[in-house]
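Trainee: Structure incoming, see below.
The values are calculated or read from the model by the stated rules, or taken from the named source; none is laboratory data. All values reported here derive from a predicted model rather than from experimental measurement. Positions of Cβ are generated from backbone atoms using ideal geometry, with glycine treated the same way; all protein chains shown enter the neighbour counts. Accessible surface areas use protein heavy atoms only, side chains included; no ligands, DNA or RNA. Shrake-Rupley method; radii C 1.70, N 1.55, O 1.52, S 1.80 Å.
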Amino acid sequence: MAKLKDPGTCRIFFSSPFNGMEEEREELTRKYFPQIHHLCNSKGLQFVAVDMRWGITAESSENAQVINICLRELDRSDMFVGFFGQRYGWHGAEDKVLQQNFDNAVGRYPWLNDVRDKSVTELEFLHGHLNNPGKLPACIYFRDKSFDEAKREEGKKKGDMKHVIKYSAESEHSTEMLEDLKRKVWETRDKCLEVQMNYKTPKEAAEMIFKMVWKYLTEVLLVNQSAVQQSRLDMERLQHEAIQASRSNVYVGGNIEQLDKNLDQDIPDQILVKGPPGIGKSALLAKWISRLKKLKRECAVIYHFIGYSEGSSEIPSFMRRLAEEFEMTVRGYSGMGDILTESKTDIDVREMMQRLVVAMESLLKLGKKPVLILDGLDKVSRASKIDKPLYWLPSVQLVGSVLVLSTLDSDTESITELEVHRKFKTITVTPLNTQEKQEMCIQILQTSGKELSPHQLQRIVEAKQTENPLFLNITLSELVSFGYFRLLDKKIDSLVNSKGIEELFQEVLQRLEGDYNVEEYPGPLVEQVLCCIHLSHQGMSEKELLEIFNIPSHVWSPLYFAIEKVIINHGGLFKFGFMELNKAVIYRYLSDSEKRMKYIRILIEHFEKQKKQLTLLLPVFSALSKRICYELPWLWLALDDKNGLAQCLADFHIFSRLQEESPYDLVYLWKQTGCQGNEIADKLLQTFVRGVGEIYVHFEERGELEEKKPGFLLESFLQRASLFLDDAGYSGARLKILERHLKVLTDGGADTNPVFWRKLLHCQYSIACVCVDLQRAEQGIQIHQELWEKWKKKLSDKDFEPSQEDYKEIGFIHHGLGVGYFQLRDFEKALKFYKESIEYHTKAKTKQDTICETLNNMGLIQAELGQLEEALEYCNKVIKVTEEQQFGYLSPNIGNYLTNKAVVLRKMGRLDEAEETYQQSLKIKINAVGREHPIVGMAYLNLGALEMYRNSYQKALEYYMMGLAIFRESGLSEDEYRVLQAKENILNLYMVEENFKKAETLYQETLDNLIRTGSMDRCLPSLHNEMAKYFIRQQRYEEAAKTVLALIQSQHAQPTNYIHLDYLQQNMPPDMRSAWPDKYNIDYGIQLWPGSIELAKWKAEHYLIPDDDAEGLVTLLAQLHDNVMEEGAGREGVYVHTPQWCLKQDGTVVENCFYRIVEEGLKKYPDNLEIKLDMAKSLARQTRFQESLEHMVALAVQLPDNSGILHFASYVALQSGDHVLCTEYCNKLLEKFAGDDEITKKAKSMLSMAKEVEEYYKKKDSGDKNEADYSGESSQLESET
């Protein structure tokens, strides 16, 4: 079954002598090759016409590589086309140069020894057809002699002997040789597609050739794609077998024993082989594979060399190969036969992983040990910058299986994943020792049929740099190809004296220039090819290089074969296989900035020319656009042309494709333009407007305008622009795009079109989400509610059957309502809508990762409510589900969820875990969107908050400053809420450090921003309250008033603000407060907060009590009592604590106010002991001792063990003249507190006075009235009490 040798390329080899056949080649090239190009392109293939007879370079002749190159090109061709005139071509058994060509090619093609007298063209006929007729599809044509005779006569008439010779046979012998060739071809004609022995003219031949080629391609080679895919696995296996064989032949050194020893263990370890570039990792594994094939029959070995063949570095491609190879092996051992390999191109990597694991498990059950060897993890082609490290490598550890992987020691990401997370054991490949170097030299030289003198070999072996196998291999390869024996010593010195591989590659580049920069080609071929490969983003295809520089096949092929071992073929795109080669190219060619810019412009010109073929009517994801989209933006970036880059990114096809396939690359690229959100939005709107105009003209010219609506046809571009601006963090600019999108849909009658009606509602939904993002929650909620009403009306229609997409959209609306209410801190409503959102998404059978944001927000609400364990469960669930659903990559969403988890951990006091989680989140975000993105700035603010909890103020300040710098670098204005949040965090840190002076300038700037944008509702109120206090202490009343008034007019207004305002009113000149509204006073504050104790106290102490306004005070406290927040003891406490407000600084009491407070208190709480005591004290101070005693007697009964109560009761009893009761209380004090000297001393003193009173009354009764001494003692007692 016919198949392409290269799945992405159709190669046809055209063979003919050079002289006399120019017209045929010109006709083919000019007229027919473009048609074959078109056919192949329509199949997703490249067409390569290989014609080695366009001229043989002098250098190729001198190096004697002509035959080798020609036959090797034939080896990779899919079809052979031969045509002859009367000339036989370059031949001669005595031609030394030609025979040297035979010598150089006979090692690869031994049959050449038997045909050394044949021409180079006949050798191509032999290899392409006659040696194995029918193996390679062939069509062969011989020109009629009459054409050549006419051409000779024409030359003779002109006296042009060169023209005559071109159409004449070289000799009678050559004519005989050509006739013999014709005979052999005719005899094998049944094995050919077509043989024509006497075509008349070049045009006739070109037409015949084209028709036959077209017939074969369209009816056989390009028809049965499943047949091509059927043999894909065998073809890939052969490629890796060839690589393994070539690498194993040159390996010397140890480490084989370590791999063998591990394999022989009952439970072998998984192995990582690492080392610097060129140290021999690939050769080590290749050698070990050879041993396994010979010695370890119980092992099922599958190996893959990443980057050494086309597609071998692409994850989907090689994962499919590995799965199919192991499945094939299972079937072989179990006798089930071969599997049918898949033809689909959309490969599910997760499915391939599962199939791989299942196949390896099956082998273990069959008693075989699966061994998977992957070489070159560092060469894996990552589809996206947010790919997880080695996500495609199964993490399941199958006991008994062995994984052996290799990578560069600089591949820290893979090494960390394998060594730390997957517990791989490491083998580090070490440099070659002297014996190993000598052994390697001998092996390579013998293979090439070369030999060095002992002295020359010693100089190579003793060189320090040759301990690196790659360095040694390159050195030997250069010597093998060096043709000047007398200069060999000098060449050895120049190579081994190179300081490293990079410098050695510079020697290689110089040699390539000498060999392949040929006179027949006017440009610096080596420089052109290598510079373009280096400067490209994804690599350059062979076809692109040939087109850009118009390189003939005979010039290209020798260079290609010379560099193929140092390039990697990524899906048909060439990239350098060694970083050192990249550096060497930079040093030799691109260190000159002008030359660098020249080649970038050449590439830009090529892809811009390609871009002109993209029209708005072509699909966005056409094959034509892919290369343009993934090269052109990066080339403009490399040119450092920000305007050119911006114009490129705004292109309809480039923007659309990158937004869909590489959204975070698109964010990065736009950041490099220096354009901010609104500017980007304007450029994208201009693209939209131009596109609408183009489509309008297109349909108008065709009379189809009434049937088409240009705006509708391009509305998806506006949708993509909105999504991009969301990814980039430009909410305000996104709103501009959405408003235009809404207008396009509305003006186009979307409300009457079932498809566009849904788009209209989704656009409105997006607008609502942006409003919430911009901290305009009320507006967002209103739009969401209106949308929900529209859906409810639609759902009530009996004829309307909602689809899963409809339920999904309703779920989004309820999520949006939840976010809005969450922002307003109405957690009850937010939870209600979140739960309803999940219900609708469940009806819609929405993927779990879609509702993760809802679950995440529900977890945050739990955290706000103090339910931290429940919140942490939500966070962990959301992260797990998202990682499972977003298989293979780490999106910013996961970074956001990790941030929220860190917040919960911080609130739980698990600060170290919180920091680790914050850092993990930060890494994911930077990797996805770059450093200059608002979400990265927010991550630094979170880290700063964590350090504040640790009291690490300097570190916190560094994080806050980094966050603020990123916000500014990402284009956010100074009025943007995230910028203001960063500033407030910095200021709050200064407050904690009491560094008010340092905060002043930034604070005034921040306050002005908040006031100007009406953003005080989102401010940090504690910060502003502290600054107000600071300004008041500094007697900077005007600045204090500005802050206090801003707080009062926000939702953060507090009773303290009205106290500050009242203080300022008392201390500021009238003219400075004349502009204040009248309502901004203490009474208005009390109206707002009638239950505020601090406001009531301020008014009482500063107005009512100084004026002895007892009734006003009682009224105020009654209002406070009825509105105080706490029930029961809180309200009762109003009358317990407020009497103390009546105490003056000099210790005196405003008695009237004090008495009225406790009087009202006892009316409400007659059993409150504290109020009773305050009443007793007030009555005593008013010398109303008898009334006071009534209260104290009751208190003494209720509190018999309270020394203070008993002591005061004894005093009041004594003042009331009841010395008996006083004596009773004093005796209780002496009895209960006998061990307390101070209490007993006072009790005895009081008891002594009671006895004096008793004596006084006895004398009084007996007529002896001496009251003066008693009165004095009473006054002293009262003072002590």
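Trainee: Could you report the chain's accessible area per residue, 1.4 Å probe, as an integer in Å²? Intermediate results must be reported in sequence, preceding the final value.
Mentor: Values: 58660 Å² over 1281 residues.
The answer is 46 Å² per residue.
Trainee: Would you kindly calculate the mean projected area, averaged across all directions, of the convex hull enclosing the Cα atoms of the stretch 826-951, in square nanometres?
Mentor: 8.1 nm²
Trainee: Given LYS184/LYS211; LYS43/LYS182; LYS281/LYS595, which pairs have Cα atoms separated by over 30 Å?
Mentor: Working: LYS184/LYS211 24 Å; LYS43/LYS182 36 Å; LYS281/LYS595 36 Å.
Long pairs (Cα-Cα over 30 Å): LYS43/LYS182; LYS281/LYS595.
Trainee: Something else: What relative contact order, as a whole-number percentage, does the stretch 912-966 give when Cα pairs under 8 Å and 6 or more residues apart are counted?
Mentor: Normalised by residue count, the contact order of the stretch 912-966 is 36 percent.
Trainee: Share of the chain's accessible area from carbon and sulfur, percent, 1.4 Å?
Mentor: 48 percent
Trainee: Taking the Cα centroid of the stretch 128-194 and of the stretch 498-577, what is the distance between the two, rounded to the nearest whole Å?
Mentor: Cα centroid of the stretch 128-194 versus Cα centroid of the stretch 498-577: 35 Å apart.
Trainee: Helix 977-992 sits at what angle to the longest principal axis of the chain, using alpha carbons and giving 0 to 90 degrees rounded to 10?
Mentor: For 977-992 against the chain, the angle is about 50 degrees.
Trainee: Whole angstrom only: what separates the Cα centroid of the stretch 8-41 from the Cα centroid of the stretch 883-960?
Mentor: 60 Å
Trainee: Would you give the gap between the C-alpha center of the stretch 658-674 and the C-alpha center of the stretch 252-274, rounded to a whole Å?
Mentor: A separation of 44 Å, based on Cα centres.
Trainee: Find how much the distance from LYS293 to GLN354 grows on full extension, using 0.36 nm per residue of separation minus their present alpha carbon separation; answer in nm with one decimal.
Mentor: Value of the extension gain: 19.3 nm.
Trainee: Let me have the relative contact order for the chain, percent, based on Cα pairs under 8 Å that are six or more residues apart.
Mentor: That works out to 5 percent.
Trainee: How long are the three semi-axes of the equivalent ellipsoid of the stretch 1169-1269, in whole Å, if each is the root of 5 times an eigenvalue of the C-alpha gyration tensor, listed from largest down?
Mentor: After diagonalising the Cα gyration tensor, the semi-axes are 23, 18, 10 Å.
Trainee: Sticking with this one: Taking the alpha carbon gyration tensor of the chain, what are the square roots of 5 times its eigenvalues, largest first, to the nearest whole Å?
Mentor: Details: eigenvalues 1728, 268, 157 Å².
Semi-axis lengths for the chain are 93, 37, 28 Å.
Trainee: Quick one: net charge around THR426, please, counting Lys, Arg +1 and Asp, Glu -1 for every other residue with C-beta under 13 Å from its C-beta.
Mentor: Overall, the nearby charge balance is 0.
Trainee: Taking just the C-alpha trace of the stretch 543-603, give me its Rg and Dmax in Å.
Mentor: 12.8, 31
Trainee: By what distance, in whole Å, do the Cα atoms of the stretch 460-592 stretch along each of the three principal axes, largest value first?
Mentor: 45, 30, 28
Trainee: Right, another one. Enter the angle in degrees (range 0 to 90, nearest 10) between the Cα long axis of helix 1110-1123 and the first principal axis of the Cα atoms of the chain, meaning the one along which they spread out most.
Mentor: Here the helix axis deviates by roughly 40 degrees.
Trainee: I've got another one for you. With +1 on each Lys and Arg Cβ and -1 on each Asp and Glu Cβ, and nothing else charged, work out how big the dipole of the stretch 803-878 is about its Cα centre, in Debye to the nearest 20.
Mentor: Once rounded to the nearest 20, the dipole reads 140 debye.
Trainee: Could you name the lysines in cross-link range of LYS1241, using Cα to Cα under 23 Å and dropping any fewer than eight places away on the same chain?
Mentor: LYS1177, LYS1228, LYS1232, LYS1251
Trainee: Quick check on the stretch 257-309: what does the Kirkwood estimate of hydrodynamic radius come out to from the alpha carbon pairs, in Å?
Mentor: For the stretch 257-309, inverting the mean 1/r across all distinct Cα pairs yields 12.5 Å.
Trainee: Check cross-link reach from LYS464 to the aspartates and glutamates: straight Cα distance under 17 Å, and skip same-chain residues fewer than eight apart.
Mentor: Straight-line reach from LYS464, under 17 Å: GLU436, GLU439, ASP493, GLU502, GLU503.
Trainee: Exceeding 25 Å between C-alpha atoms, which entries from my cross-link table qualify? They are LYS385/LYS845; LYS261/LYS294; LYS709/LYS847; LYS955/LYS997.
Mentor: LYS385/LYS845; LYS709/LYS847
Trainee: Restricting to DSSP H runs of at least four residues, report the calculated mean residue ellipticity at 222 nm for the chain, -39500 (n - 2.57) per run over all residues, nearest 500 deg cm²/dmol.
Mentor: Calculated from helices alone, the mean residue ellipticity at 222 nm is -19500 deg cm²/dmol.
Trainee: In addition: For the stretch 997-1076, what does the relative contact order come out to in percent, with C-alpha contacts under 8 Å and a separation of six or more?
Mentor: Working: 54 pairs, mean separation 19.5, N = 80.
Taking the mean separation of contacting Cα pairs over the length of the stretch 997-1076, I get 24 percent.
Trainee: Right, here's the next one. Under 17 Å Cα-Cα from LYS162, which lysines qualify once same-chain neighbours fewer than 8 residues away are excluded?
Mentor: Output for LYS162: LYS151.
Trainee: From the square roots a ≥ b ≥ c of the eigenvalues of the alpha-carbon gyration tensor of the stretch 706-840, which class results: rounded (a/c under 1.5), prolate (a/b over b/c), or oblate?
Mentor: oblate
Trainee: Report, in degrees rounded to the nearest 10, the 0 to 90 angle that the Cα long axis of helix 202-216 makes with the longest principal axis of the chain.
Mentor: The answer is roughly 50 degrees.
Trainee: Pull out a ≥ b ≥ c, the square roots of the eigenvalues of the alpha-carbon gyration tensor of the stretch 1013-1103, then state rounded if a/c is under 1.5, prolate if not and a/b is larger than b/c, and oblate in the remaining case.
Mentor: Cα axes put the stretch 1013-1103 in the rounded bin.
Trainee: Count the DSSP beta bridges whose two residues both fall in the chain, then state the antiparallel fraction as a percent rounded to the nearest 5. All intermediate terms of the calculation are to be shown ahead of the outcome.
Mentor: On the way: 8 of 48 bridges.
Antiparallel bridges: around 15 percent, rounded to the nearest 5.
Trainee: Then there is this: Compute the distribution of all C-alpha to C-alpha distances in the stretch 747-799, in bins of 5 Å from 0, and list the percent of pairs in each, rounded to whole numbers.
Mentor: 5, 21, 22, 22, 17, 10, 3, 1
Trainee: Follow-up. Excluding TRP1098 itself, what net charge comes from residues whose Cβ is under 14 Å from its Cβ, given Lys and Arg +1 and Asp and Glu -1?
Mentor: -2
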